[in-house]
Amino acid sequence: MTGARAFSSPLDLQSVRADFPILSRELAGGFPLVYLDSANSSQKPLQVVKALEEHYLQHNANVARAMHQLGAEATAAYEGGRDTVAAFIGAANRDEIVFTKNASEALNLAAHTLGAGLKPGDEVVISEMEHHSNIVPWQLACERTGATLKWFGVTDEGRLDLSDVEQLITERTKVVSLTWVSNALGTINPITEIAAKAHAVGAVMVVDASQAVPQFPVDVSTLGADLLVFTGHKVVGPTGIGVLWGRYDLLASLPPFLGGGEMIEVVRMTGSTYAPPPARFEAGTPPIAQAVGLGAALDYLSGIGMDKIAAHEQAITAYALEGLQTVPGLTILGPTEPVDRGGAISFELDGVHPHDVSTVLDTRGIAVRAGHHCARPVHERFGMQSSTRASFYLYTTPEEVDALVDGLGFVRSFFKVD
Amino acid sequence: MQLDSLYQEIILDHYRSPHHAGLAEPYDVEVHHVNPSCGDEVTLRVELDGETVAGVTHQSVGCSISQAATSVMSDLVIGKPVSEGMATYEKFLELMQGRGNVEPDEEVLEDGVAFAGVAQFPARVKCALLGWSAWRDATAQALAKSEGVSNA
């Protein structure tokens with residue numbers, strides 16, 4: 001047993017949790033849900049679900065191309081979502097926000113359109129701690145164009161290895177694409193510092209902010225990124241919507257990604273001209289209700305305060321790091337101190353495979369992720385095949401962390417690990 | 001959800017000391033199967049003697065369910081005609097997909113009946129089938145090879 005340890009958060013957790021009905025669920029065996037998988041997908045507050053419901057029940061129609069009153073309402077609602085996203089991340093201009101179906105599509109858009117300018121001899125730099133969605137699109141772009149893929153290594157502490165940065169980012173580098181917060185290690189990378197090095201050689205800086213935007217205030221006007229992506233469902237918003245933010249002049253210089261309705265200017269059978277951003281990158285009927293829901297989600301987070309959410313995340317992560325390190329045979333993958341570290345903790349438990357850890361925890365109502373978390377290379381880097389990951393959000397309580405630590409003790413006794 | 005029904009003692013025994021583990025010579029075909037969603041991997045070798053499974057050896061990384069299932073599978077097919085092994089697979093698959101409503105046949109499945117509880121954990125069914133899919137693939141390739149059909 002862990003006993004009561006000191007914990008202090010600026011959030012009123014009871015009132016936050018009241019907005020998320022799912023957190024009151026009881027699972028099989030009468031165990032209350034302990035949801036520690038928010039880095040995978042966050043839960044949704046009533047405010048978001050109600051916004052979706054109101055949109056579908058009162059304002060539903062297609063956007064832009066529908067000329068009637070509901071079409072105008074749906075368009076206003078969809079574009080309102082864009083305004084909210086732009087304000088939330090400090091974009092200079094609402095036209096810098098492109099809606100995609102998820103962060104993976106946004107990264108594929110980036111790799112495809114930036115890839116159009118790559119040629120043999122050019123280099124793209126990523127890192128060993130990337131999610132597969134920030135590895136594979138660049139591998140494909142390099143295969144298509146003959147460009148070379150290079151990557152930052154990871155130190156034993158789970159930090160980005162900057163020792164060979166001068167050899168990595170050179171005049172041949174055209175794109176640097178890095179995760180801001182690692183989904184497997186939790187590491188927060190020094191984006192602004194790397195962006196300066198990328199810009200010094202004329203390269204474009206792409207940032208995967210899928211785990212960053214949910215956790216702390218983001219201001220793209222000072223970050224140094226040229227393109228940045230995140231996804232709706234990790235920021236208490238709906239699935240089916242992702243965001244690509246780009247500096248407007250860069251977006252305006254990029255070719256289309258997917259072709260179709262609404263991304264064109266004039267279509268002739270002999271060739272077409274394309275709409276300016278963001279429409280150029282939004283072919284077909286977009287995720288309309290999802291944009292409304294995403295707007296409601298970001299309003300919800302702003303109402304609570306991203307500063308407070310970041311402070312809570314920091315506090316609960318520190319509390320969990322401390323608790324997990326009391327479990328015998330447990331090894332944390334990534335930084336063990338809550339410094340420059342996000343709220344996802346992957347770990348290995350001696351003698352018990354992560355699937356078995358997660359199944360046993362699941363029978364006690366505790367939801368964690370087991371596997372390689374779409375980040376196989378970083379597991380390989382640490383000689384691990386897979387790991388168990390617990391991740392936290394604005395509704396996570398210290399009691400839930402205690403339940404995890406106790407649950408891991410039970411796992412060890414169940415598998416007779418000493 | 002009953003943990004003990006999932007992790008029966010037989011399963012844990014096979015997990016701790018899997019049968020036919022460690023890749024051996026000679027063999028006809030070697031395959032490598034992975035479970036991309038979780039990262040479990042198995043390398044498996046099959047040796048046929050005509051229509052009979054002369055040998056199966058394997059080396060794997062994965063959870064208790066996948067390792068134990070591969071161990072039990074090896075016991076079930078070695079020394080049997082390929083057709084009987086395939087029929088056993090069908091029985092095992094039926095059990096896995098039965099959501100707990102299929103009564104396992106101990107005559108056919110032997111230690112495999114211990115996996116009946118896995119059927120109630122949908123996320124774990126693919127773990128129990130990984131070794132089987134590797135064996136079926138390797139065996140099909142070995143048969144094709146012995147019939148002189150190119151597999152390239």
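Each row is one residue, and each column tells you yes or no for (1) in contact with a strand residue (DSSP E or B) (Cβ under 7 Å, 6 or more places away or on another chain); (2) free of Cβ contacts under 8 Å to residues at least 40 places away in the same chain.
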| residue | (1), (2) |
| --- | --- |
| B:Pro18 | no, no |
| B:Tyr27 | yes, yes |
| B:Val42 | yes, no |
| B:Asp49 | no, yes |
Exactly one condition in (1) closer than 21 Å to A:Val181 by Cβ; (2) more than 18 Å from the chain's Cα centre (by Cα) is false for A:Val327; which is it?
(1)
Do you know which residues across segment A:154-165 are in contact (Cβ under 8 Å) with a residue 40 or more places away in the chain and buried (at least 16 other Cβ atoms within 10 Å of the Cβ)?
A:Val154, A:Gly158, A:Arg159
Filter pass, A:Ile366 being within 14 Å of chain B (Cβ to nearest Cβ), β-branched (Val, Ile, Thr), surrounded by 22 or more Cβ atoms within 10 Å (Cβ to Cβ) and in contact (Cβ under 8 Å) with a residue 60 or more places away in the chain
yes
Within segment B:104-124, which residues are part of a loop (DSSP other than H, G, I, E, B) and either within 14 Å of chain A (Cβ to nearest Cβ) or closer than 13 Å to B:Ala69 by Cα (or both)?
B:Phe121
So B:Gly148, is it outside any helix (DSSP H, G or I), open to solvent by 10 Å² or more (accessible area, probe 1.4 Å), at pLDDT below 90 and within 14 Å of chain A (Cβ to nearest Cβ):
no
Out of the residues in segment B:61-103 meeting the condition of being surrounded by fewer than 24 Cβ atoms within 10 Å (Cβ to Cβ) and within 14 Å of chain A (Cβ to nearest Cβ), tell me which one is modelled with the lowest pLDDT.
B:Gly100
Criterion first (surrounded by 18 or more Cβ atoms within 10 Å (Cβ to Cβ), farther than 21 Å from B:Pro36 by Cβ, away from every other protein chain (no Cβ under 13 Å) and touching a helix residue (DSSP H, G or I) at 6+ places or on another chain (Cβ under 8 Å)) does A:Leu321 satisfy it?
no
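Residue by residue, here is whether (1) more than 9 Å from chain B (Cβ to nearest Cβ); (2) of a type outside the set (D, E, K, R) holds:
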residue: A:Val352; (1), (2): no, yes
residue: A:Asp356; (1), (2): no, no
residue: A:Thr359; (1), (2): no, yes
residue: A:His373; (1), (2): yes, yes
residue: A:His379; (1), (2): no, yes
residue: A:Gly383; (1), (2): yes, yes
residue: A:Thr388; (1), (2): yes, yes
residue: A:Phe392; (1), (2): yes, yes
Would you point out which residue out of A:Gly261, A:Gly303, A:Gly246 is of a type outside the set (Ser, Thr, Tyr) and under 19 Å from A:Asn108 (Cβ atoms)?
A:Gly246
Pairs needed: first member in segment A:13-30, within 14 Å of chain B (Cβ to nearest Cβ); second member anywhere, at pLDDT below 95 and open to solvent by less than 50 Å² (accessible area, probe 1.4 Å); C-beta distance under 7 Å; at least 6 residues apart or different chains.
A:Gly29/A:Thr363
Quick one: which of A:Glu79, A:Glu105, A:Glu54, A:Glu73 is acidic (Asp, Glu) and closer than 22 Å to A:Thr179 by Cα?
A:Glu105
Residue set A:Ala283, A:Ala296; condition over 30 Å from A:Thr388 (Cβ atoms), among the hydrophobic types (A, V, I, L, M, F, W, C) and outside any helix (DSSP H, G or I); output residue A:Ala283
Somewhere in segment B:128-139, is a residue at pLDDT below 90 and buried (at least 19 other Cβ atoms within 10 Å of the Cβ)?
no
Residue in segment B:33-56 that is surrounded by the fewest Cβ atoms within 10 Å (Cβ to Cβ), counting only those that are under 14 Å from B:Ser133 (Cα atoms) and more than 14 Å from every other protein chain (Cβ to nearest Cβ)
B:His33
Identify, from the list A:Ala39, A:Ala6, A:Ala76, the residue that is assigned to a loop (DSSP other than H, G, I, E, B) and either open to solvent by 60 Å² or more (accessible area, probe 1.4 Å) or within 14 Å of chain B (Cβ to nearest Cβ) (or both).
A:Ala6
Among all residue pairs at least 6 apart or on different chains, which show Cβ distances below 7 Å where the first residue, located in segment B:95-111, is closer than 22 Å to B:Lys80 by Cα and the second is basic (Lys, Arg) and surrounded by 12 or more Cβ atoms within 10 Å (Cβ to Cβ)?
B:Asp105/B:Lys91; B:Val108/B:Lys91; B:Leu109/B:Lys91
For segment A:43-63, indicate whether the set of residues that are within 28 Å of A:Ser358 (Cα to Cα) and touching a strand residue (DSSP E or B) at 6+ places or on another chain (Cβ under 9 Å) is non-empty.
yes
Hey, any hits in segment A:21-29 for a residue that's of a type outside the set (Gly, Ala, Ser), buried (at least 16 other Cβ atoms within 10 Å of the Cβ), over 22 Å from the mean Cα position of the chain (by Cα) and not assigned by TED's automatic domain parsing to the domain that holds A:Arg364?
no
Scanning segment A:337-361 residue by residue, the ones that are open to solvent by 20 Å² or more (accessible area, probe 1.4 Å), under 25 Å from the mean Cα position of the chain (by Cα) and either in contact (Cβ under 8 Å) with a residue 12 or more places away in the chain or not assigned by TED's automatic domain parsing to the domain that holds A:Tyr35 (or both) total 5
Taking the conditions exactly as written (free of Cβ contacts under 8 Å to residues at least 60 places away in the same chain and open to solvent by 30 Å² or more (accessible area, probe 1.4 Å)), does A:Leu168 satisfy them or not?
no
Filter pass, A:Ala252 being open to solvent by less than 10 Å² (accessible area, probe 1.4 Å), farther than 20 Å from A:Lys101 by Cβ, of a type in the set (A, V, I, L, M) and not in a strand (DSSP E or B):
no
Going through segment A:131-153 one residue at a time, which ones are under 15 Å from A:Leu168 (Cβ atoms) and touching a Cys at 6+ places or on another chain (Cβ under 7 Å)?
A:Thr148, A:Leu149
Any residue in segment A:312-336 that's closer than 18 Å to A:Asp12 by Cα: show its pairings with residues that are assigned to a helix (DSSP H, G or I) and of a type in the set (A, V, I, L, M, F, W, C) at Cβ separation under 6 Å, as long as the two are six or more apart or on different chains.
A:Tyr319/A:Val401
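The values are calculated or read from the model by the stated rules, or taken from the named source; none is laboratory data. Please read these numbers as outputs of a predicted model, since none were measured by experiment. Cβ: placed from backbone, ideal geometry, glycine included. Neighbour counts: every protein chain shown. Side chains included, ligands, DNA and RNA excluded: accessible areas come from the protein's heavy atoms. Shrake-Rupley method; radii C 1.70, N 1.55, O 1.52, S 1.80 Å.
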